[in-house]
């Protein structure tokens, strides 16, 4: 329940920030795009250490270091959101590996923070973990969508297709009829794939659709991943 509440809170927060800071009709800016990509790459290395520095409430010549940390983190976050660009759409394996390890230990770290430091810091740790997870998993999802779009264009040509259009095209390609995806099962998809693979195998099929076998394979992979 708590996890769901945090996810909803972060989704609303990201949506609000996007509406405020993200530029519509984005124009590439080489310098700013490079800076935002660097800031995105190091976010996991700055957000967690900053969290613990904030807890110590350090002062330097009567100046609170917390103020500077808040400003820098806010600047980093806004830059990543506002200048989100294709440079970020590269799988950051190191960062993803770190966040996966943190997620596995998150409950233990949360309890440790709560007992030895404070509940506020423990709760903040969970928020930062979800934020990092969202940043880097979002990239993976975007990469996956790009690959799907590229494969789809190879099969069906260029065009402005919605997600529903893509699903319908794949179903039509594999089943040769217009079916509802919600009615499909993995068993039916596998059975139909075997039928179509035999029908359009290059050693058997002598028709005009030279890439039909490859196209069927792509539709099968897409649908089998979609239907759980």
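Taken together, the values in this text are just the output of simple stated rules run on the coordinates, not laboratory data. Owing to the predicted nature of the structure, the values given are computational and were not obtained by experimental measurement. In this analysis, Cβ positions are derived from the backbone assuming ideal geometry, glycine residues included, and neighbour counts consider all displayed protein chains.
Tabulated data for the structure shown
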quantity: Contact order normalised by residue count of region 160-226, Cα under 8 Å, 6+ apart, percent; calculated: 39
quantity: Tensor-based shape of region 43-129 (alpha-carbon gyration tensor, a/c under 1.5 rounded, otherwise prolate or oblate); calculated: oblate
quantity: Modelled FRET efficiency - R0 22 Å, residue 194 with residue 221, Cβ distances, 0.05 increments; calculated: 0.95
quantity: Convex hull of Cα atoms in region 160-226, direction-averaged projection (nm²); calculated: 4.7
quantity: Projected label distance in nm at residue 108 and residue 82, using a 7 Å step from Cα toward the beta-carbon; calculated: 4.0
